[in-house]
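So that we are looking at the same thing, I have put the structure below in structure tokens.
The values are calculated or read from the model by the stated rules, or taken from the named source; none is laboratory data. Just so you know, these numbers come straight off a predicted model, no measurement behind them. Using ideal geometry, Cβ is built from the backbone for each residue, glycine included, and neighbour counts are taken over all protein chains shown.
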Amino acid sequence: MLYISEKETIKRLNCIHCLVILFLFTSCASYHYNKKRENNTISISSNAKEFHLDFPKWSNTEYLDLNSSLPKSTSHGTLNLVLPKLNKRFQTIEIVSEKYDTKTIQLKKTVRIGALAADVGLGIFTAGIPVIVDVFRSDFYKLKKTSQKFYVELDYKQSYMHSEFLAIKDSINPELFEDYISFFPKSNDIQSATDIKDSLELSIAIKKESEEAIDTYISTHQSSNYLNSAKKIKTDMVVAREAFVLACGQNTVESYESFLSKFPISIHNSDAHRKLTEAAEKIALSKKMVVEFDKYLSNYLIPNKEYFTSNIYDQKFSLVSKELDQAIIKEFDITTNANKYDVYSKLWKKFDDFATRFEGIDLPKTYSYKAKISDVVFKKIVEANTELKQNELSAKLNYDFPNFRKYESSDQILVCMLNNVSAASGTAKLFSSNFFRSYFDQMSERDALKGYDYFTYMGAEIEAITDQINFEEITYLNGKLSGVLKAYEAGKTSLSINMANGLPKEISYYRYGVLAKTIFFDAGNESYNYEFSGGANITLQFINDKFIQITNLEKSINQSISSKDIERALNLCLESNELIDQIVEYAEKNRIPKDKWTNNVATKLNNLNSILGKIKKEEKKAEIIAQQQKKQRELNYRKELQKQDQKLNSLLNEITSCYCCPQQFYRKNGWNCRDYDCTRLTDNGEISSRYIAYTSMFYSPEQAVREFKFCSKKCALNCGN
């Protein structure tokens, strides 16, 4: 028997104790947990679509570690989460959303029955140690069913509900406030929203101008802060209705004004304003005085415009404008006044007063007095023949006829007056007024001089009316521009227009005081124009130069005919005809009068026809000579043929047929095709002789064919042997 020491025995007992303890702990049910994920999963739903979870009992460091491993937010109203443990720090959860107040939830857990049963069974053999251990372990428990799936109703934050209220509080739509009350019943602003809604609905009921609408409001707003106001309005409506019936019975301006002053916001307000306006209209139309029309427009029609439809208002405004127009003329009847200038000044001031105060008013008869005013003022313009006098006159006219320029294209009162002359006659001298600028600016497309404030000169476009014009002479005859109108720059003429009965006869443009161009008109339409340079008419000079060229060509043509150079004569005729075409085209393009060029063109055309007649005669003579020369050549040719025939006959006597080449010949002198020479008759009967073949040592058959075309291939092959 082996002896074991005491120290060794102690070691063995410690080892056995460790194994027993290890066995006891591993026998705990919490070490064998298969449904942990299922039992630790929570599902949270909320009325907030976007929310996240916080675990407030975790420290900052632990919470950061937890954030990296757990999904704790959602954007669709439901969040599923598996808790790693079921200790107190995980059992406390906060549901957080931006628009809602945070809500805290306490999760509840319970002992797992299976784990408890397993620990109790093992505890019989292990002195209850597994139960004691598992009680302190998280996995010994599971979430209660009520804590695994639940719905959390979050309340909106007061700050958010207040911001939503501020966003709509200035609205005039009561439905927005009704929606607010429905969505945010716990808002601190709920009473304010209710009051605004009730106020707007009361205003809508009042605008319906119906007692029934107020009655409906009262019945549906019994708890409203505006109930008493609605009841008072109802009472006022009854009183106002009775008062309005009384005012309508009187049907006077005074009765309606009295009613409106007592009941400014009654449901009869619109009818009262309309009837008030109509009563005032009757007074104005019956009296037909300027002051009454002014009173009617200022105090009744225009202030009450909103109570009429646009069509009815326009009809009333048009009617009173027409009557006022006649009343102004009647009040300032010129037949009873000797001083036309003063009367017209008062008339125009009255017109301008109404036109300024009442936008859109139409007083055509009064406005038409502009022509009569201008005729009277024209005499004063003619008399003001110095720049100083005209400046003083301009100041006076601007005062006596205010805003006369408002309806014109010029800011110069003198020019505006001249533009409206209808019967005056005389010549006005204007200083720094630029009448011509206004004259051209106000032209319509039908005016003959439209666009003639510019002109083309030598291919360049030039402005005729400039700010440099400082003096103008304008003549009228019976209200129409007549005679010669002139503009000056620095004392030199820059423009002149010759007018007759209001229509232009010609307009002349000057450059640095020298005539540059004149445009002529016929019955108001441009007829033709001339350009000048240094006093010379360069438009006609172009035509004259062409005629001189044609005359010189005529001389050259006659010389060519005399020298029998018919071809050159014909070319010169074509050149002359081209110059005539250029003259015609230029004259028509520039509308030059026909008497300036047609006679000369006709003369040149006659000369050209005469020259062509001479050329034809010369061509006929040349044709006869050519025929005679042709006959002589034919005769000479026949004689040459006879000589060739004689030569051929002589040669035929010297040759005989080649034995190797069909239609080939060789000379009778003993030479044959095989040695040196092969000869044949060509198509024209002449004898062609070519050295085409020697022995094969000098030429191959192919070389013979290439070098000598007149012998056939067969001949070349045979002759090469």
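Among the charged types (D, E, K, R), over 30 Å from TYR509 (Cβ atoms) and loosely packed, with under 12 Cβ neighbours inside 10 Å - does that describe any residue in the stretch 606-617?
Within the stretch 606-617 (the criterion being among the charged types (D, E, K, R), over 30 Å from TYR509 (Cβ atoms) and loosely packed, with under 12 Cβ neighbours inside 10 Å), the answer is yes, since at least one residue qualifies.
Here's something else I'd like to know. Could you tell me which numbered condition SER266 fails, if it satisfies all but one of (1) small (Gly, Ala, Ser); (2) assigned to a helix (DSSP H, G or I); (3) at pLDDT below 90?
Every listed condition holds for SER266 apart from (2).
Among the listed residues ILE218, ILE190, which satisfies the condition of being under 26 Å from SER171 (Cβ atoms), among the β-branched types (Val, Ile, Thr) and without any contact (Cβ under 8 Å) to a residue 12 or more places away in the chain? Give the steps one after another, and end with the answer.
Numbers: ILE218 fails: without any contact (Cβ under 8 Å) to a residue 12 or more places away in the chain.
Residue meeting the stated conditions: ILE190.
Of all residues in the stretch 356-377, which are in a helix (DSSP H, G or I) and closer than 15 Å to ALA327 by Cβ? Give the steps one after another, and end with the answer.
First pass over the stretch 356-377, keeping only residues in a helix (DSSP H, G or I): 356-357, 364-367, 369-377.
Within the stretch 356-377, PRO364, LYS365, THR366, TYR367, TYR369 meet the criteria.
Ok, one more. Criterion first (surrounded by 10 or more Cβ atoms within 10 Å (Cβ to Cβ) and either at pLDDT 70 or above or farther than 20 Å from GLU567 by Cα (or both)) does LYS589 satisfy it?
On the way: surrounded by 10 or more Cβ atoms within 10 Å (Cβ to Cβ): no; either at pLDDT 70 or above or farther than 20 Å from GLU567 by Cα (or both): yes.
The answer is no for LYS589.
Can I ask one more? Do we have any residue at all in the stretch 273-291 that's surrounded by fewer than 17 Cβ atoms within 10 Å (Cβ to Cβ) and under 30 Å from THR216 (Cα atoms)?
Yes, the stretch 273-291 has at least one match.
Kindly list, by first and then second residue, each pair from a residue in the stretch 371-390 that is within 10 Å of TYR344 (Cβ to Cβ) and not assigned by TED's automatic domain parsing to the domain that holds SER422 to a residue that is part of a helix (DSSP H, G or I) and of a type outside the set (Gly, Ala, Ser), limited to pairs with Cβ atoms under 6 Å and residues at least 6 apart or on different chains.
So the pair list comes out as ILE373/TYR344; SER374/MET417; VAL376/LYS340; VAL376/TYR341; VAL377/MET417.
What about ARG568, is it surrounded by 13 or more Cβ atoms within 10 Å (Cβ to Cβ) and not in a helix (DSSP H, G or I)?
no
Here's the yes/no breakdown for (1) surrounded by 14 or more Cβ atoms within 10 Å (Cβ to Cβ); (2) more than 44 Å from the chain's Cα centre (by Cα); (3) outside the structural domain of ALA516 (by TED's automatic domain parsing):
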| position | (1), (2), (3) |
| --- | --- |
| GLU392 | no, yes, yes |
| VAL421 | yes, no, no |
| GLY426 | yes, yes, no |
| ASN434 | yes, no, no |
| ALA464 | yes, no, no |
| PHE471 | yes, no, no |
| LYS480 | yes, no, no |
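If you don't mind, there's one more thing I want to ask. Residue under question is TYR160, and the condition is that it be in a helix (DSSP H, G or I), in contact with a helix residue (DSSP H, G or I) (Cβ under 7 Å, 6 or more places away or on another chain) and among the aromatic types (Phe, Trp, Tyr); does it hold? Show your work before the answer.
On the way: in a helix (DSSP H, G or I): yes; in contact with a helix residue (DSSP H, G or I) (Cβ under 7 Å, 6 or more places away or on another chain): no; among the aromatic types (Phe, Trp, Tyr): yes.
Judged against the criteria, TYR160 is not a match.
Separate question: Every residue in the stretch 449-490 that is closer than 18 Å to ILE381 by Cβ, among the polar types (S, T, N, Q) and in a strand (DSSP E or B), please.
Passing the criteria: only THR475.
Among the residues of the stretch 604-623, are any outside the structural domain of THR518 (by TED's automatic domain parsing) and outside any helix (DSSP H, G or I)?
no
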